[in-house]
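The values are calculated or read from the model by the stated rules, or taken from the named source; none is laboratory data. Everything quoted here is computed from the prediction, not taken from an experiment. Positions of Cβ are backbone-derived with ideal geometry, glycine not excepted, and every protein chain shown enters the neighbour counts. The area values use the complete protein model at the heavy-atom level, side chains included, leaving out ligands, DNA and RNA. Shrake-Rupley method; radii C 1.70, N 1.55, O 1.52, S 1.80 Å.
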Amino acid sequence: MSRRALRRLRGEQRGQEPLGPSALQFVLHDDDDVEEECPKRGPGGRRPRGAGKEGVRVNNRFELINIEDLDEAPGVNGERTDCLLVDAVVSGNKRRAQSGHSESTRGGDAADTAVPSEQSNASSKLRKKKRKQKNKKNAGETSENGLEDIDRILERIEDASGASRPGPPPLSTKKHVLYVEHRHLNPDTELKRYFGARAVLGEQRPRQRQRVYPKCTWLTTPKSTWPRYTKPGLSMRLLESRKGRSAFAFEHSEEYQQTQHKFLAAVESMEPNNIVVLLQSSPYHVDSLLQLSDACRFQEDQETARDLVERALYSMECAFHPLFSLTSGTCRLDYRRPENRSFYLALYKQMSFLEKRGCPRTALEYCKLILSLEPDEDPLCMLLLIDHLALRARSYEYLIRLFEEWEAHRNLSQLPNFAFSVPLAYFLLSQQADLSEQEVSSAREEACVRIQQALTMFPGVLMPLLEYCSVRPDATVATHHFFGPDAEISQPPALSQLVSLYLGRSHFLWKEPATISWLEENVHKVLQAVDAGDPAVEACESRRKVLYQRAPRNIHRHVVLSEIKEAVAALPPDVTTQSVLGFDPLPPLDTIYSYVRPERLSPVSHGNTIALFFRSLLPNYTVEGERPEDGGPGGLHRDQGLNRLMLAVRDMMANFHFHDLEVLPEEHPEGDGEWD
């Protein structure tokens with residue numbers, strides 16, 4: 001403490017003689033007395049000692065050093081008042097008033113040395129406690145005031161607008177079944193749970209201080225090896241907001257449309273290098289990235305293929321509308337718009353890579369995200385996949401909840417994958433050790449009931465499933481007509497396609513010995529019901545003939561994207577005979593176009609037989625009038641056309657190489673072939 005503060009405590013002016021050790025003695029009063037007597041001071045600036053109640057004298061001047069109110073409470077004209085000093089001393093020594101009074105009246109050297117140490121320790125503890133309480137109180141008041149201000153602002157906005165604004169639904173105790181969690185969109189979160197953070201992040205370099213990329217994203221993490229991001233002309237706009245749901249759509253600028261036309265021309269050329277050249281000028285063109293990713297995947301370059309898909313997702317996430325939410329489950333993207341399909345396909349390809357990488361929990365989150373974009377139409381038919389990912393991620397409760405909530409309006413039990421996956425989820429849930437005996441018995445009973453219903457409805461699944469699992473059925477099952485070869489042959493083609501898709505994808509989930517034993521037990525119960533003439537058997541047979549006449553287009557699209565051989569082989573001829581594009585497989589028949597590709601002159605209608613012949617041999621050969629810069633057929637120059645034709649013939653003849661056939665000498669068994 002400075003001398004000036006000490007003089008102020010003593011009540012003396014500059015130039016006065018120093019006081020003795022007994023001069024610095026303050027009389028501490030209660031709060032009420034201090035407030036009343038604080039303005040009343042003597043002529044020397046000191047408080048009269050005889051006024052008010054009897055208080056406690058502070059003999060140690062160093063107890064006043066770290067008083068918070070002395071340093072923080074300013075007075076008039078920058079000086080501090082003595083009243084604040086008295087308040088601080090009173091609050092710091094209030095609890096030890098009686099002990100201090102008794103010790104001060106005893107006198108003596110022992111009292112002068114022992115009392116200050118005890119009082120200083122107690123006062124320091126009280127000051128720390130008071131400071132913490134004050135900070136908590138200030139923080140609480142600040143947060144409460146901030147929340148109140150935010151609530152008032154939101155109320156004003158709602159009152160001013162009147163209409164409902166797009167955004168997430170109100171919070172409730174139970175989350176939506178398609179609710180997506182941001183932390184589960186990062187595969188590193190799942191890998192850390194499996195292998196530990198040190199194994200996952202050990203080889204990654206620390207982040208640079210300078211931020212290279214413009215925004216933080218949830219779907220992908222930008223890499224330093226990517227080209228520097230520049231807006232490619234892709235954006236998103238809000239179409240409408242109604243009943244708590246918001247419809248969005250991606251938009252292409254004029255520059256992006258020109259790039260899209262170049263991409264379509266590169267695809268028609270059937271040359272991947274043309275797409276590479278296009279990506280050099282437009283490194284974040286989404287369709288080019290997806291198409292080149294497929295080419296790399298076919299060449300077994302999985303790392304490059306996955307990197308290209310992540311770059312496409314990053315490009316589309318940077319174009320999100322501010323109100324578009326990945327997690328709310330209320331934002332919609334119409335698949336009929338070609339601009340939106342790229343986002344669907346990029347998410348699906350990323351989900352496939354995550355599943356192959358061993359991250360089923362993250363893949364399940366991507367599957368929920370795709371399904372939430374258009375759950376009613378389900379353009380990629382994610383309901384055929386979500387049960388498989390839930391079982392792999394061991395999210396049995398989620399699969400059961402999805403089935404219970406959607407069975408009433410979506411009839412999920414009519415899909416073979418849900419009919420067999422839900423009882424399997426109940427059975428695997430009953431094997432968990434953290435359940436009570438009642439819960440285990442209830443889950444086991446529900447599993448048995450549902451697997452018997454599935455076997456009755458889809459008897460053609462059992463024998464191929466046992467064959468996939470390398471299990472040989474007993475004689476009773478193998479010779480029975482209900483599960484025999486007729487059950488698989490008699491089912492409709494659409495149902496055979498669904499069964500092939502499910503078995504090709506999820507057969508390994510049934511290979512556990514406990515699962516096979518449980519399945520065998522329920523198969524015998526089904527055979528007993530069939531032999532007893534259960535009417536449910538005939539009802540299921542009639543439903544199979546009526547419900548599975550023809551598979552819709554979204555199921556065919558899902559089969560094409562899944563690339564499961566057994567399911568692809570079961571596609572109908574009208575799907576296999578048409579060309580399937582990787583960047584837009586089986587587009588909807590009611591597509592909504594926002595812009596149309598300019599018509600190109602057909603070489604069939606504007607060419608002759610000779611030109612078509614040379615074009616088949618030389619793809620780069622074009623008649624002069626077919627080029628855009630010539631202005632159409634009216635600008636033909638016959639001489640130039642003949643010259644180009646002659647040059648094309650010369651190039652063709654120069655590329656021909658004739659090799660002389662080497663005549664092999666005849667082998668004669670007798671000698672060297674000379675006459676005797």
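Could you do me a favour and compute the accessible area per residue for the range 398-534, 1.4 Å probe, result in Å²? Before the final figure, lay out the partial values.
Numbers: 6380 Å² over 137 residues.
Averaged over the residues of the range 398-534, the accessible area is 47 Å².
Can you pick out the pairs among 525/565; 262/356; 349/565 whose Cα atoms lie more than 27 Å from each other?
Details: 525/565 33 Å; 262/356 33 Å; 349/565 18 Å.
Cα-Cα > 27 Å for 525/565; 262/356; rest within.
Under a no-solvent Debye model with one identical scatterer per Cα of the range 409-521, what's log10 I(q)/I(0) at q = 0.11, 0.20, 0.22 Å⁻¹?
For the requested q values the scattering log ratios are -0.36, -1.14, -1.33.
Rounded to a whole number, what is D in µm²/s for the range 342-383 from Stokes-Einstein with the Kirkwood radius over alpha-carbon pairs (25 °C, 0.890 mPa s)?
So the translational diffusion coefficient is about 241 µm²/s.
For the range 309-369, I need the span (max minus min coordinate) of the C-alpha atoms along each principal axis, in Å, sorted largest to smallest.
Taking the Cα atoms of the range 309-369, the three principal extents are 31, 22, 22 Å.
Let me spell out the model: positive unit charges on the Cβ of Lys and Arg, negative unit charges on the Cβ of Asp and Glu, origin at the Cα centre of the range 532-583. What dipole size does that give, in debye rounded to 20?
Values: 7 positive and 6 negative charges, 44 e Å.
The dipole magnitude comes to about 200 debye.
Could you give each residue of the range 231-242 its phi-based ³J(HN,Hα) in whole Hz, using Karplus coefficients 6.51, -1.76, 1.60 with θ = phi - 60°, and x for Gly or Pro?
Couplings: 4, x, x, 9, 9, 9, 10, 8, 7, 7, 9, 8 Hz.
Would you calculate the volume per residue, in Å³, of the smallest convex hull containing every Cα atom of the range 233-369?
Once divided by residue count, the hull of the range 233-369 is 106 Å³.
Which order do the peptides 539-548, 284-293, 182-191 take when ranked by the mean count of other beta-carbon atoms within 10 Å per residue, highest first? It would help to have the intermediate numbers written out before the result.
Working: 539-548: 13.3, 284-293: 25.1, 182-191: 17.1.
Answer by packing, highest mean first, reads 284-293, 182-191, 539-548.
Taking the alpha carbon gyration tensor of the range 457-503, what are the square roots of 5 times its eigenvalues, largest first, to the nearest whole Å?
Values: eigenvalues 67, 36, 8 Å².
One finds semi-axes of 18, 13, 6 Å for the range 457-503.
Please list the equivalent ellipsoid semi-axes of the range 454-603, computed as the square roots of five times the alpha-carbon gyration tensor eigenvalues, in descending order and whole angstrom. Working shown, then result.
On the way: eigenvalues 314, 62, 29 Å².
Semi-axes (√(5λ), whole Å): 40, 18, 12.
Given a Förster distance of 30 angstrom, what is the FRET efficiency for residue 243 paired with residue 183, based on the Cβ-Cβ distance and rounded to 0.05?
Values: r = 29 Å, r/R0 = 0.97.
About 0.55, to the nearest 0.05.
Which of the pairs 192/231; 175/243; 175/511 have their Cα atoms more than 24 Å apart in this structure?
Working: 192/231 33 Å; 175/243 18 Å; 175/511 34 Å.
Beyond 24 Å: 192/231; 175/511.
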